[in-house]
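To start, the structure itself, in structure tokens.
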Amino acid sequence: MKLERLPPIKSSLRPSNHPYLTGAWTPLHEEVNAWDLEVIEGKIPADIDGVYLRNTENQVHQPLGRHHPFDADSMIHQISFENGRASYRNRFVRTRCFEAEQIAGESLWGGLADPWGTSKRPGFGAHGGLKDNASTDIVVHGGKALATFYQCGEAYTLDPETLEQSGVAPWAPLDGVSAHTKVDERTGDLLFFNYSTHAPYMHYGVVDRTGKVTNYTPIPLPGPRLPHDMAFSENYSILNDLPVFWDAELLERNIHAVRVHDLPSRFGVLPRYGKAEDVRWFEAAPTYILHFLNAYEEGDELIMDGYFQENPTPKPLKTAPEGYEHMMAYLDEASFRPRLHRWRFNLKTGATVEQRLDNRDLEFGMINQRIAGRKYRYIYSTTSKPGWFLLNGFVKHDLDTGQSQQLTLPEGRYASGIPVRAARERQGRG
């Protein structure tokens, strides 16, 4: 293996016993290029030709307050496969906030668990006081990798093969872009949404394969909400208004406290290029949903799969280290209990029918993205280590037979959630 180390970044991070700054969550600060990786076991198939991308969180500077793992800076890891060989490279995403903190040599923004006013500079996103770290998600659209922030950030672009960075996506709107944009590989469309604390509280948009915004429309909501994902079928996009969001009275005092409201879940269905007046709302059982898997049309029904949380606002985790009980409960799947779930929206009658597909704690799923938006057969979900935000295995579901297979990783080994792959386009093949 040949290894090239890049010039080091500036870091002010001090040793800590924080559960999400140690162990498997110990931050990585080194950027490298590596060629001809050693194959430890088996053989790389010669017909795999493309890249695997993974977005991760690595804290660079000493936190101003109580560190939350979602606060840390984005680092993209890439493995490139070609002719039975593999190479690796990694890069921090040079967001405006990352660059500002490199100049300052310290943290300038507080985090998700900090009180309002902790940040030294105005922040980004729906929260308004956070650092846009672009660390939540990554997709490939129009030949560019797009890294996004979960509370609506600027959306940063990179070359998926070289990780060369080209800054903020030129089409990104003023209210930002939420993580979990969706790419329809059949049409080349990228679908996105954003949300904020000011009316109309949500927007939905479509960007074509050339980077042109072909639809951008307000989605009026009753107040500020906290959506995290969306779904799409061949002809429709599905947005959500879930009853887990900030307490309105506390929000007026800049206290961002989340609670469950006595409301149903609502799912807004609109044609891909539709406007606000085209949205149809379907009600369902109250829950919170971090991630959806897929949606497709079948007769009069629009069918959507995702992970239904049975306990979206869990009590503090008694087994957590002292002082981290609340944070660790919200990161623990065994506490908020996400279950593989199906919603059926009848476009003719307006009725919603729900179905539980599995009673295990499952999340961070993936399907074959080439058939996203259409009827599909296989789901790949992850399992997690109880008490921790650590993914320790996989479950494969066959939706045709109803059967599933589970693989648990050896102790101390952990998986990645929601990676992205990008196939290279060569002359004569795609």
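Nothing in this text is a laboratory measurement; each read-out follows from the coordinates by a stated rule. Since this is a predicted model, take the numbers as computed values, not measurements. Cβ: placed from backbone, ideal geometry, glycine included. Neighbour counts: every protein chain shown.
Over the range 214-298, the alpha carbon radius of gyration divided by the compact-protein estimate 2.2 N^0.38 Å works out to 1.17. For Asp73, nonlocal amide neighbours, meaning residues 5 or more places apart or on other chains whose placed amide H falls under 5 Å from its own, are Asn58, Gln59, Val60. Between Ile9 and Thr214, residue separation times 0.36 nm minus the direct Cα-Cα distance comes to 69.9 nm. In order along the range 340-349, phi translates into HN-Hα couplings of 4, 9, 10, 10, 10, 9, 8, 6, 8, 9 Hz, rounded to whole numbers, per the Karplus curve 6.51 cos²θ - 1.76 cosθ + 1.60 with θ = phi - 60° and x for Gly and Pro. With all projection directions averaged, the alpha carbon convex hull of the range 267-375 covers 8.7 nm². Express the Stokes-Einstein translational diffusion coefficient of the chain in µm² s⁻¹, to the nearest whole number, given a Kirkwood radius over alpha-carbon pairs, 37 °C and a viscosity of 0.692 mPa s. Here the translational diffusion coefficient equals 146 µm²/s. The Cα atoms of the range 1-65 define a convex hull whose projected area, averaged across directions, is 6.6 nm². For the range 7-150, the Kirkwood radius over C-alpha pairs fed into Stokes-Einstein at 4 °C and 1.567 mPa s yields D = 78 µm² per second.
Residues Val39, Val140, ranked from the fewest to the most other C-beta atoms within 10 Å, line up as Val39, Val140. Pairs of Cα atoms in the range 42-100 fall into 5 Å distance bins, from 0 up to the last occupied one, in shares of 4, 16, 20, 16, 12, 10, 9, 7, 4, 1 percent.
Relative to the Cα centre, the charge distribution of the chain, modelled as +1 at Lys and Arg Cβ and -1 at Asp and Glu Cβ, gives a dipole magnitude of about 320 debye. Its Kirkwood hydrodynamic radius, worked out from the mean inverse distance over all distinct Cα pairs, puts the range 314-359 at 13.0 Å. Structure note, pairs Lys10/Lys315; Lys43/Lys385; Lys212/Lys275; Lys318/Lys396; Lys315/Lys385: Cα-Cα distances above 27 angstrom occur for Lys10/Lys315; Lys43/Lys385; Lys318/Lys396. Sorted largest first, the spans of the alpha carbon positions of the range 370-411 along the three principal axes are 35, 20, 15 Å. Each 10 Å bin, from zero up to the one with the longest distance, holds this percent of the alpha carbon pairs of the range 71-162: 16, 44, 26, 11, 3, 0. Give me the Kirkwood hydrodynamic radius of the range 239-286 in Å, from all C-alpha pairs, to one decimal place? Kirkwood hydrodynamic radius for the range 239-286: 12.2 Å.
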